[in-house]
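S.K.: First the structure, then my questions, so here it is.
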Amino acid sequence: MSNQSLRGPAETAVEQCMDLQEGESCAIVTDDERQGIAEALYGVAAEITAETTLLRYPPGDLHGEEPPDAVAGAITAADVVLAPTTKSLSHTTARVEAVEAGARMATLPGITDAVFLMGLDADYESIAAECATVLEQVEDAEEIRVTSPQGTDVTLRPGERDWREDTGIVHEPGDFSNLPAGEVFVSPETGDGTVVVDGTMMPHGKLDEGQTISFEVEDGYVTDIGDDGLREQVEDGAAEAGQDAYNLAELGVGTNVAVTELVGSVLLDEKAGGTVHLAIGDDHGIGGDVEAPIHLDGILREPTVYADGEEVELPSGLS
């Protein structure tokens, strides 16, 4: 797809979401498989500020794998960072340190041309309002329970950890978001129960109708995984991080009502309004204390969420 075809969503990302200004420094970080989107972002950013750079490196092996040192240094020094990459930089120390240094940063892990076009065709002020409505219902709850017709029944306790919003509005120093955006999420201190994923989860992508992936959680750790592919990914992470790879890392509620169908991209599908996702692995970039080379999200299409026993009103669901 031509850069010109991608210019519209690139303008939304650079101008509305990041609010890039003349004189600011902007780093576009990409790899060999996402260069077209990166060049579209670079083209828009370079028209705004001459302090725009494009950095490219080979795709990593795992989501959450640290980028090369030169990339880490460049994003820490920038005012604005956009990272369309094959493997996610969201849950890396490099991303955390860049944001702590004051960078406004958005990661676009696994982004494709189709997802870029669909996910950035949205009113991000409206998405921010949906986030605020969900956050108000859950932020003070001591206990969150998630159930689904497919068999999910898991109870999580946020403890002292804060809920966060991913609104796509990244205007202040130290702000961070995924793009496409739209979720309210927390890294729970602990949790127990059964999770049955029926939406999207790696390594399978979008699951077929009737297909599910299940895993058991006890005291905040995954204790049993009923899918060979997912089990192998977690075991690969455990080879480096040990038990931390089995950490129940995240509970998120999708708030992007512009996403009306799942497409097989975790980046987009986890934002779909009315869905819930739970993740395994790293959480140190989202309020937890576990560092692992994986962060694997599983999306539930038909969840019911309770905050201290009260049902949460979720945004409009999938069509």
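Where a number appears in this text, it was derived from the coordinates with a stated rule and is not lab data. Fair warning: this is a prediction, and the values are worked out from it, not measured in the lab. Ideal geometry is used to build each Cβ from the backbone, glycine not excepted, and the neighbour counts take in all protein chains shown.
S.K.: For the chain, calculate the relative contact order in percent as a whole number, restricting contacts to Cα pairs under 8 Å that are 6 or more residues apart.
M.R.: The normalised contact order for the chain reaches 16 percent.
S.K.: Got the relative contact order for segment 255-311 handy, in percent, Cα pairs under 8 Å and 6 or more residues apart?
M.R.: Once divided by the residue count of segment 255-311, the mean separation gives 28 percent.
S.K.: Follow-up question, since we're still on this one. Treat the count of other C-beta atoms within 10 Å as a stand-in for reagent exposure and order T107, T133, T275 from fewest to most.
M.R.: The fewest-first ordering by Cβ neighbours comes to T133, T107, T275.
S.K.: Obtain the radius of gyration and the Kirkwood radius of the chain from its C-alpha atoms and give Rg over Rh.
M.R.: Radius of gyration over Kirkwood radius for the chain works out to 0.95.
S.K.: Kindly point out which whole DSSP H helices in the chain project their C-alpha atoms 15 angstrom or further along the helix axis while averaging a Kyte-Doolittle hydropathy of -0.5 or above.
M.R.: Taking the DSSP H segments of the chain (at least 15 Å long, mean hydropathy at least -0.5), we get 35-48, 124-138.
S.K.: Most exposed first by the Cβ proxy, i.e. fewest other Cβ within 10 Å, how do Y57, Y42, Y221 rank?
M.R.: The most exposed by this proxy come first: Y57, Y221, Y42.
S.K.: Once you charge only the Cβ atoms, +1 for Lys and Arg and -1 for Asp and Glu, what is the size of the charge dipole of segment 7-119 about its Cα centre, to the nearest 20 debye?
M.R.: That gives a dipole near 200 debye.
S.K.: Now for a different question. Do the sum for the chain: with -39,500 (n - 2.57) for every DSSP H run of n ≥ 4, divided by all residues, what is the mean residue ellipticity at 222 nm, to the nearest 500 deg cm²/dmol?
M.R.: Computed ellipticity for the chain at 222 nm equals -7000 deg cm²/dmol.
S.K.: Under the rule a/c < 1.5 gives rounded, and otherwise a/b versus b/c splits prolate from oblate, where does segment 7-119 land using the Cα gyration tensor?
M.R.: Here segment 7-119 falls in the oblate category.
S.K.: Follow-up question, since we're still on this one. Report the extension gain between T260 and E22 in nm, rounded to one decimal, defined as 0.36 nm multiplied by the number of residues separating them, less their alpha carbon distance.
M.R.: Roughly 82.1 nm would be gained on extension.
S.K.: For the chain, modelled as a GNM with alpha-carbon contacts under 10 angstrom, which of A45, A129, A78 fluctuates the most?
M.R.: With Cα springs under 10 Å in the chain, the top fluctuation among A45, A129, A78 is at A129.
S.K.: At 7 Å along the Cα-to-beta-carbon direction for both R161 and A50, put a label point, then send me their distance in nm to one decimal.
M.R.: Each label point lies 7 Å from its Cα, and together they span 4.6 nm.
S.K.: Also, quick follow-up: Note down the nm distance, to one decimal, between modelled labels 7 Å out along Cα→Cβ at E66 and at D121.
M.R.: 4.1 nm
S.K.: How high is the relative contact order of segment 182-307, in percent, counting Cα pairs under 8 Å that sit 6 or more residues apart?
M.R.: 29 percent
S.K.: Moving on. Only bridges whose two residues both fall in the chain count here: according to DSSP, what percent of them are antiparallel, nearest 5?
M.R.: 70 percent
S.K.: Dividing the Cα convex hull volume of segment 104-180 by residue count, how many Å³ per residue is that?
M.R.: Measuring per residue, one finds 147 Å³ for the Cα hull of segment 104-180.
S.K.: Where Rh is the Kirkwood radius over the Cα pairs of segment 124-311, the temperature 25 °C and the viscosity 0.890 mPa s, what D in µm²/s does Stokes-Einstein return?
M.R.: Translational D for this selection: 151 µm²/s.
S.K.: Taking the Cα centre of each part, how many Å lie between segment 134-191 and segment 1-70?
M.R.: 27 Å
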